[in-house]
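J.: Can you read through this structure? Questions will come right after.
The values are calculated or read from the model by the stated rules, or taken from the named source; none is laboratory data. Note that the structure is predicted; figures quoted are calculated from it, not measured. Every residue, glycine among them, receives a Cβ derived from its backbone with ideal geometry; neighbour counts consider all protein chains shown.
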Amino acid sequence: MMKKWLALVLCLCLAAACVPALGEGENVYRSLYSSEVSTLNYLTASTQWDQTVGANVIDTLVEYDAYGNVVPSLAESWETSEDGCTWTFHLRAGQKWYDYQGNAVADVTAQDFVDGLEWVLNPANDSSVEYAVETAKIVNASAYYEKEITDFAEVGVKAVDELTLTYTTEAPVPYFLSCLTYGCFMPAYGPFLSEQGADFGTSNDKMLYNGAYIMSEFQPQVKHTYVKNVNNWDAEHIYIDRIERSYNSDSAIIAPEMVLRGEIDSASLSNDILDDWLETHGDIVTRGRPSLDYSYFYCFNFDPQFDAEYEPENWLIAVNNSNFRHSIMSAFDRIYAMYALEPTEPEETLQNTITPAGFATAAGDFAAEAAFSGTEENFYNEEKALEYKAKAVEELTAAGATFPVKVVLGYRSDMSDWENECALVKQQLEGVLGSDYIDVVLYAGPAENFLREVRRSGKYGLMRCNWGADYADPETWTDPFAENVDSETGLHNGNSYNKMDKMLDTDFEETKAILTEYYAKVAEGKASVTDFADRYAKFAEAEAMLINNALVIPYKISSNEYNVTKLNIFEGGYAGFGITNIRYKGQKVLDDFFSAEQYEAAYADWMEKMGY
């Protein structure tokens, strides 16, 4: 098999042209980065930074244009069966895999999508995005991953022929197309994947490319270089010829001045220098494109694993008291806290639901569902906060809790804006509720592996969390709170963001009753697959339960960060989920900075074409 594969590579290298050398007049984009990617393997990348690689070097079956419309990519066309459970995709002929030097290696075929999915679903590979395949309800995907079956041929993905691919789902999946832009559905050339084994994606020469760009250079903590794939099927709409990203751990500090010196083409402006820039260079200060792909919310942790000095057992008693949670939720002035992140217009990003307003619109705006009527009464109200406090003190004293309750408020130590936000939250909560009731302890988690060390380990009491949508449906916003059961013990393992599902195995009856009802309503929403109005209503009822019971405090969507750039962000693809927003395809580097005036005109035009 290996000799045949090598022979194929040699033949194709002779037959195909390499990526030509790029000379003067090329459209080059230069920027800095401060944190190295943990992997180039797009089949397992789960963070947005890691996904940036795959997003730009691998084409998917479909993609999204600048106005959020699904358009063909590697699939020229597709259709669904009458029962809505089988999707058939017809691939473009003549598409190739290339190595990092631009040499053609093999044709892109339907089998590549099968091989990529088989790798993701192989539990030995420990892919962190396997859950997204299960979300798409591919027949037997979960069974294969859980080793209940061992023959991948029984999984609902088939290469009918070289250019015809089918997926079969357990039931109609209304959002199926939007799943296909996620990394777990990206193709991979099987023979190369097998040859590389665990080395796949460890360096740029351990990958193959079929997308808009080829990663020609990868020097960790030095430089990433991408060059345009001139042989790509849509090369005429790939305008940037070369992308150069240079490493500097202090990029947030030095990038703005480097932009002014003409050494790079884009830089974010942190809050501590924003006022000066608006005063001196306000004509070239712009903002990012509004983004609905990330929602931020404050979580109460129901499985405290922080140090004994912070009294985790006392916290567990307190957090299972509804009046205690409501006292904090009502005392939390979210706008005040947000000034650390969004000092000019914090109201623009404020959200009263976990699912961002405008994200799901197949049956009207999901965030306007009737179930959310009245949930705003849970938010900032000092009078109500003190009423909840009085009730909580009585109930918690009877339950054996002591005061003040230590509230461990976690943040990442290298993020100054987050630290400042937490300082404001501490000041504000203690100011309303009193230090006799709560003692907000600021906990600076490590910069490296923060999610693993803090959130996933449960080393916090209250913390701002976020979730990025994986597909175009409100169901995606239930995923961070999903019920997870250990297959061996039958107990809930607390993999949900706030570990609340673990309470189903405890004696905290009030919390158990709320969660039992919540998970039942989520199940009803998932089961409603043909009637969007009914589906939306059920998911809205479930989400409203989290808010009305103060299990989660909705906060904000992604801030449109201030920057100075030579890119017009409105030219790139747009979606409220997946990888679309981190692709460079469709954008071009302008001769001069994208001005504030140009931004306002482009924003107005984009909003009009988006239908807002």
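J.: Under the condition of being of a type outside the set (A, V, I, L, M, F, W, C) and either within 30 Å of residue 529 (Cβ to Cβ) or in contact with a Ser or Thr (Cβ under 6 Å, 6 or more places away or on another chain) (or both), which residue from region 172-190 is modelled with the lowest pLDDT?
T.: If we take residues in region 172-190 being of a type outside the set (A, V, I, L, M, F, W, C) and either within 30 Å of residue 529 (Cβ to Cβ) or in contact with a Ser or Thr (Cβ under 6 Å, 6 or more places away or on another chain) (or both), then 174 is modelled with the lowest pLDDT.
J.: Taking region 570-586 on its own, how many of its residues are under 26 Å from residue 418 (Cβ atoms) and surrounded by fewer than 22 Cβ atoms within 10 Å (Cβ to Cβ)?
T.: Final tally of qualifying residues: 1.
J.: Oh, and also: From the list 71, 57, pick out the single residue that is modelled with pLDDT of 95 or more, surrounded by fewer than 15 Cβ atoms within 10 Å (Cβ to Cβ) and within 20 Å of residue 580 (Cβ to Cβ).
T.: Working: 57 fails: surrounded by fewer than 15 Cβ atoms within 10 Å (Cβ to Cβ).
One residue alone meets the criteria, 71.
J.: Right, another one. Let me confirm something: among 401, 447, which residue is more than 23 Å from the chain's Cα centre (by Cα) and small (Gly, Ala, Ser)?
T.: Result of the check over 401, 447: 401.
Condition check ((1) outside the structural domain of residue 540 (by TED's automatic domain parsing); (2) surrounded by fewer than 19 Cβ atoms within 10 Å (Cβ to Cβ); (3) in contact (Cβ under 8 Å) with a residue 40 or more places away in the chain) across all residues:
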site	(1), (2), (3)
446	no, yes, no
450	no, yes, no
454	no, no, yes
457	no, yes, yes
461	no, no, yes
466	no, yes, yes
469	no, no, yes
472	no, no, yes
477	no, no, yes
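J.: Return yes when residue 439 is of a type in the set (Asp, Glu), buried (at least 16 other Cβ atoms within 10 Å of the Cβ), assigned by TED's automatic domain parsing to the domain that holds residue 315 and over 18 Å from residue 319 (Cα atoms) and no when it is not.
T.: Judged against the criteria, residue 439 is not a match.
J.: So, of the residues in region 74-84 that are modelled with pLDDT of 95 or more and out of contact with any helix residue (DSSP H, G or I) (no Cβ under 9 Å at 6 or more places or on another chain), which turns out to be surrounded by the most Cβ atoms within 10 Å (Cβ to Cβ)?
T.: Selected residue: 75.
J.: Okay, moving on. Just to be sure, is residue 267 touching a residue at least 24 places away in the same chain (Cβ under 8 Å), assigned by TED's automatic domain parsing to the domain that holds residue 421 and among the aliphatic types (A, V, I, L, M)?
T.: Considered against the rule, which asks whether it is touching a residue at least 24 places away in the same chain (Cβ under 8 Å), assigned by TED's automatic domain parsing to the domain that holds residue 421 and among the aliphatic types (A, V, I, L, M), residue 267 comes out as no.
J.: Out of region 508-547, which residues are closer than 19 Å to residue 299 by Cβ and of a type in the set (A, V, I, L, M)?
T.: Those that are closer than 19 Å to residue 299 by Cβ and of a type in the set (A, V, I, L, M): 514, 515, 522, 542, 544, 545, 546, 547.
J.: Quick one: count up the residues across region 300-340 that are free of Cβ contacts under 8 Å to residues at least 60 places away in the same chain, of a type in the set (A, V, I, L, M, F, W, C) and in contact with a Lys or Arg (Cβ under 8 Å, 6 or more places away or on another chain).
T.: 0
J.: Determine which member of the set 389, 426 is over 26 Å from the mean Cα position of the chain (by Cα) and under 22 Å from residue 546 (Cβ atoms).
T.: Criteria check complete, one pass: 389.
J.: Report whether or not residue 43 is at pLDDT 95 or above and under 16 Å from the mean Cα position of the chain (by Cα).
T.: Taking the combined requirement at face value, the residue satisfies it.
J.: The conditions are (1) within 30 Å of residue 509 (Cα to Cα); (2) part of a helix (DSSP H, G or I); (3) at pLDDT 95 or above, and residue 376 fails exactly one of them. Which is it?
T.: The failed condition is (3).
J.: Hey, among the residues in region 98-128 that are among the aliphatic types (A, V, I, L, M) and within 21 Å of residue 150 (Cβ to Cβ), which one's surrounded by the most Cβ atoms within 10 Å (Cβ to Cβ)?
T.: My answer is 117.
J.: Then there is this: Looking at (1) touching a residue at least 40 places away in the same chain (Cβ under 8 Å); (2) out of contact with any Gly (no Cβ under 6 Å at 6 or more places or on another chain); (3) not small (Gly, Ala, Ser), can you tell me which one residue 483 breaks?
T.: Residue 483 satisfies every listed condition except (1).
J.: Does region 191-204 contain any residue that is within 13 Å of residue 57 (Cα to Cα), out of contact with any Ser or Thr (no Cβ under 6 Å at 6 or more places or on another chain) and among the hydrophobic types (A, V, I, L, M, F, W, C)?
T.: No, that holds for no residue.
J.: I've got another one for you. One residue is enough: does region 146-164 have a residue meeting the conditions over 27 Å from the mean Cα position of the chain (by Cα), under 30 Å from residue 488 (Cα atoms) and of a type in the set (A, V, I, L, M)?
T.: Initial filter on region 146-164 (over 27 Å from the mean Cα position of the chain (by Cα)): 147-154, 158-164.
Remaining after also requiring under 30 Å from residue 488 (Cα atoms): 147-154.
Still in the list and also of a type in the set (A, V, I, L, M): 149, 153.
Yes, because at least one residue in region 146-164 is over 27 Å from the mean Cα position of the chain (by Cα), under 30 Å from residue 488 (Cα atoms) and of a type in the set (A, V, I, L, M).
J.: Quick check on region 387-404. Is at least one of its residues part of a strand (DSSP E or B), in contact with a strand residue (DSSP E or B) (Cβ under 8 Å, 6 or more places away or on another chain) and within 22 Å of residue 436 (Cα to Cα)?
T.: No, region 387-404 contains no residue that is part of a strand (DSSP E or B), in contact with a strand residue (DSSP E or B) (Cβ under 8 Å, 6 or more places away or on another chain) and within 22 Å of residue 436 (Cα to Cα).
J.: OK, next. Looking only at region 126-144, decide whether some residue is of a type in the set (Ser, Thr, Tyr), within 26 Å of residue 522 (Cβ to Cβ) and free of Cβ contacts under 8 Å to residues at least 24 places away in the same chain. Give the derivation first.
T.: Of all residues in region 126-144, those of a type in the set (Ser, Thr, Tyr) come to 127-128, 131, 135, 142, 144.
Still in the list and also within 26 Å of residue 522 (Cβ to Cβ): 127-128, 131, 135, 142, 144.
Narrowing the set further to residues that are free of Cβ contacts under 8 Å to residues at least 24 places away in the same chain leaves 142, 144.
Within region 126-144, one or more residues are of a type in the set (Ser, Thr, Tyr), within 26 Å of residue 522 (Cβ to Cβ) and free of Cβ contacts under 8 Å to residues at least 24 places away in the same chain.
J.: Can you tell me which condition residue 315 does not meet? The list is (1) at pLDDT below 95; (2) under 22 Å from residue 428 (Cβ atoms); (3) in contact with a Gly (Cβ under 7 Å, 6 or more places away or on another chain), and all the others hold.
T.: Condition not satisfied by residue 315: (1).
J.: For region 196-233, which positions are of a type in the set (D, E, K, R) and surrounded by fewer than 17 Cβ atoms within 10 Å (Cβ to Cβ)?
T.: Answer for region 196-233, where residues must be of a type in the set (D, E, K, R) and surrounded by fewer than 17 Cβ atoms within 10 Å (Cβ to Cβ): 199, 205, 217, 223.
J.: Look at region 488-515 and say how many of its residues are more than 30 Å from residue 559 (Cα to Cα), outside any helix (DSSP H, G or I) and within 27 Å of the chain's Cα centre (by Cα).
T.: Number satisfying all stated conditions: 2.
J.: Could you say which residue among 178, 73, 127, 142 is over 29 Å from residue 229 (Cα atoms) and not hydrophobic (A, V, I, L, M, F, W, C)? So that I can check it myself, show each step before the final result.
T.: Working: 178 fails: over 29 Å from residue 229 (Cα atoms); 73 fails: over 29 Å from residue 229 (Cα atoms); 127 fails: over 29 Å from residue 229 (Cα atoms).
Of 178, 73, 127, 142, the one residue that is over 29 Å from residue 229 (Cα atoms) and not hydrophobic (A, V, I, L, M, F, W, C) is 142.
J.: Hey, does region 506-522 have a residue that's touching a helix residue (DSSP H, G or I) at 6+ places or on another chain (Cβ under 7 Å), under 19 Å from residue 366 (Cα atoms) and among the charged types (D, E, K, R)?
T.: yes
J.: Looking at the structure I just gave you, is residue 332 within 26 Å of the chain's Cα centre (by Cα) and at pLDDT 95 or above?
T.: On the way: within 26 Å of the chain's Cα centre (by Cα): yes; at pLDDT 95 or above: yes.
Answer is yes for this residue.
J.: Considering region 129-173 alone, what residues qualify as being surrounded by fewer than 18 Cβ atoms within 10 Å (Cβ to Cβ) and in a loop (DSSP other than H, G, I, E, B)?
T.: 146, 147, 148, 149, 150, 151, 162, 170, 171, 172
Per-residue answers, yes or no, for (1) touching a Lys or Arg at 6+ places or on another chain (Cβ under 9 Å); (2) part of a loop (DSSP other than H, G, I, E, B); (3) touching a residue at least 24 places away in the same chain (Cβ under 8 Å); (4) not aliphatic (A, V, I, L, M):
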| residue | (1), (2), (3), (4) |
| --- | --- |
| 214 | yes, no, yes, no |
| 221 | no, yes, yes, yes |
| 227 | yes, no, yes, no |
| 231 | yes, yes, yes, yes |
| 236 | no, no, no, yes |
| 249 | no, yes, yes, yes |
| 255 | no, no, yes, no |
